[in-house]
Each structure stands twice: as C-alpha cells, then as structure tokens.
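Here the structure comes first, spelled out in structure tokens, and everything after it is commentary.
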Amino acid sequence: MNINHTMVPGFILLGFSGITQHEVSLFLIFLGIYIITLVRNLSIIITYKLSPSLHTPMYFFLANFSLLEILYVSCTVPKMLSSLLSDCSKVISFSGCAMQMYCFLLFGGTECYMLAAMAYDRYNAICHPLLYTLIMREIVCIRHIVGSYVIGAANALIHTVFTFSLPFCGSNKIDHFFCDIPPMLELSCKDIWVNELVVFIVSGCVIIGSFVVTMISYIEIISKILKLRSALGKKKSFATCSSHLIVVTIFYGSGIFMYFGPKSIYRIGQKSLVSLMYTVIAPLLNPFIYSLRNKDVKSNMKNMFLQLLQI
C-alpha cells in the first residue's frame, strides 16, 4: 500500500467542535476568563512596581511569575477564541502551528522551573532566615529567572524540532484546541516511538525534575516548621507557603496527567478538558490564590486602587 508522505500545508484545530451548539457560550466564558486573567496578573505586576515594601525576592518572583502567566495563557486562548467564532479561524498554518507549540512549551517549561525557584526562595526564608538576604541577593534572583527561561527555551526547541520533522499525511485535523505534542503525534504517518521517547525523557527532566526540586524544598520547609515551638510561628510559616503549594499542585497535577498519564485519555476526548486545567484555569486561579491569601499583596493592592480613585 502506498502512503502519501506529502507534508500538509496547514492544520485544522477541532477544539470543541463536538459541542458546536455551545460555541458562543464557550466563547463568552473563555473571553471572560482571559480578560480576568490578564487584569489580575497585571494588577500584581503593577502593585509590585508601585509598592517599595514589596521589593523583596518573594514578590520579585511573584511579579515575574504573573508576567509569565500572561505570556503563557496568550499562546493558546486568543486562537481558541477566534476558532469558537468562525470555522475559518480553526485553520492554522504549518509554521503558525510550530510557533504556537514552541511558545507554549517555552513558557510552560519556564513555569516549571520558576515554581521550583519560588519554592527554593521559601526554603531559604524559613530554613535559613539569618542568611536569607545574603543567599537570595538580587543577582541570584535574576539568575533563577533567566535560567528558567533558558531551560524552557531548550525544552521547547527540542520538542518542536522533533515533532515538526515528522511527515504528516492524511488527516490534517488536530483533535485539540491548540498545537500540543500528543495530538500532533497522532497525525504522523511515521513510527513515532523516537518522539515518544524524547517526550518521556526531556519532559521528564523538565516536569519531574523541577517537581522533585520543589517537593524537596517543601519537605525541608515542613520539617522545619514542625520543629517550631510557637503555634503563631507555625501558622505564619505555613501561610507564606500554602498559596504556592496550591498553585504547584494544580499545575503539576494536570501537566503530569496529560504527558505521563494513560494513553486512553487521548482516545476518549478528555485531553482538551485536562489541558484546560493548566492552560486556562490555572492562570486564572493563580493571581487570586496569591492575592487572597497574602495580606501584604491585598493591602498594597487596596492602597493602589484607592490612590487611583483619588486621581
């Protein structure tokens, strides 16, 4: 049997085509989520910039994390929104699909190690309070941020090159709302075991590696907190870490399930729902989790808005 290995000129993102009768409703819901995500993350960045009392390593990482969330969610949601409005917008070019995958993996991989850097910051603040300002100097914090982006860029480049080096033939319909690795591999007419191995090894190093670093930091933190005699000290220490731990659980939980979970999720159409957790829902929840559970952020945000109202 002859197989046509001609490279397709573009792809069609099926997204939520199975529920076309609800596409307008989904558009309004996701548009609202996107706007709220942008506004809340921007408010954290602006609050950090305008509040000298927040110019500490913890809030430096939080402001950079909020910027990363804006970039991360903007890789997929705008295209998804346009696809919900028009069938013509479901089409994405070959180069456009590659660019979307690269950006998504760049910011996703960066987020993994930025979360790890934030956990390391909390570890030093609680376990080495006397040396904290020395260990977490400004240059060290900047290096953590830059290093996170470098790792994210390398991860994205490897996966994008390996994925788009494959021959795509036959169907050009991607059963997803953006160009992600698993649904792209389904379209290849070549044995993809090498690509699956690359996903397992490289993604394992990025996702699992950063997750292990984060968990080791929190094991040390919890061990230190439990040794504190003061109940107030324990409560305060847990409060500074609980927000970050919730964010870590949501992001890594859905990400690990998507890339290392059972392959059956690809067959029964659950991948879009799982992906929504770390591409749309997590960026929406994160600024609320950090701001609502942090008195300093809430207080400075309130003061900032009061000052704006007086102008």
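Per residue, the chain exposes 49 Å² of accessible surface when a 1.4 Å probe is rolled over the protein heavy atoms with every protein chain present.
Note on the chain: with neighbouring protein chains present and a 1.4 Å probe, carbon and sulfur make up 70 percent of its accessible heavy-atom surface.
Ranking Ser86, Gln21, Met58 by Cα position along the charge dipole of segment 1-136, where only Lys, Arg, Asp and Glu carry charges on their C-beta atoms, puts Met58 farthest toward the positive end. Roughly how far apart, in whole Å, are the Cα centres of segment 53-89 and segment 197-252? Cα centroid to Cα centroid, the span is 23 Å.
With an 8 Å cut-off on Cα pairs and a minimum separation of 6 or more residues, tell me the relative contact order of segment 128-210 in percent.
Values: 35 pairs, mean separation 22.9, N = 83.
Reported relative contact order: 28 percent.
Inter-label distance, Lys227 to Cys127: 1.0 nm, where each label sits 7 Å from its Cα along the C-beta direction.
Normalised by 2.2 N^0.38 Å, where N counts its residues, the alpha-carbon radius of gyration of the chain equals 1.09. Accessible surface of Met58, taken over heavy atoms with a 1.4 Å probe and every protein chain present, rounds to 40 Å².
Between Asn195, Asn155, Asn41, the Gaussian network model of the chain with springs among Cα atoms under 10 angstrom shows the greatest mean-square fluctuation at Asn195.
Please compute the length gained on full extension between Ile201 and Ser89, using 0.36 nm multiplied by the number of residues separating them and subtracting their Cα-Cα distance.
Details: separation 112, 0.36 × 112 = 40.32 nm, distance 3.42 nm.
So the chain would gain 36.9 nm between Ile201 and Ser89.
When +1 charges are put on Lys and Arg Cβ atoms and -1 charges on Asp and Glu Cβ atoms, the dipole computed for segment 1-140 relative to its Cα centre reaches about 140 debye.
Go through segment 1-101 and name the trypsin sites (Lys or Arg not before Pro) that are in a DSSP coil and have 16 or fewer other Cβ atoms within 10 Å of their Cβ.
Numbers: sites: Arg40, Lys49, Lys79, Lys90; in loops: none.
Answer by residue number: there is no such site.
Only protein heavy atoms count here; under a 1.4 Å probe, Ser242 has an accessible surface of about 30 Å².
May I ask you to rank Glu23, Glu111, Glu196 by accessible area, largest first, using a 1.4 Å probe over the protein chains only?
The most accessible residue leads, giving Glu196, Glu23, Glu111.
Accessible area of Ile70 (1.4 Å probe, protein heavy atoms only, ligands and nucleic acids ignored): about 20 Å². Extension gain for Thr249 to Asp296 (0.36 nm times residue separation, less C-alpha to C-alpha distance): 14.6 nm. Inter-label distance, Val24 to Phe238: 4.9 nm, where each label sits 7 Å from its Cα along the C-beta direction. Springs join every pair of Cα atoms under 10 Å in this Gaussian network model of the chain, and among Phe200, Phe65, Phe11 the largest mean-square fluctuation is at Phe200.
The values are calculated or read from the model by the stated rules, or taken from the named source; none is laboratory data. In this text, all values refer to a predicted model and were calculated from it rather than measured experimentally. Cβ: placed from backbone, ideal geometry, glycine included. Neighbour counts: every protein chain shown. These area figures cover heavy atoms from the full protein model, side chains too; ligands, DNA and RNA do not enter into them. Shrake-Rupley method; radii C 1.70, N 1.55, O 1.52, S 1.80 Å.
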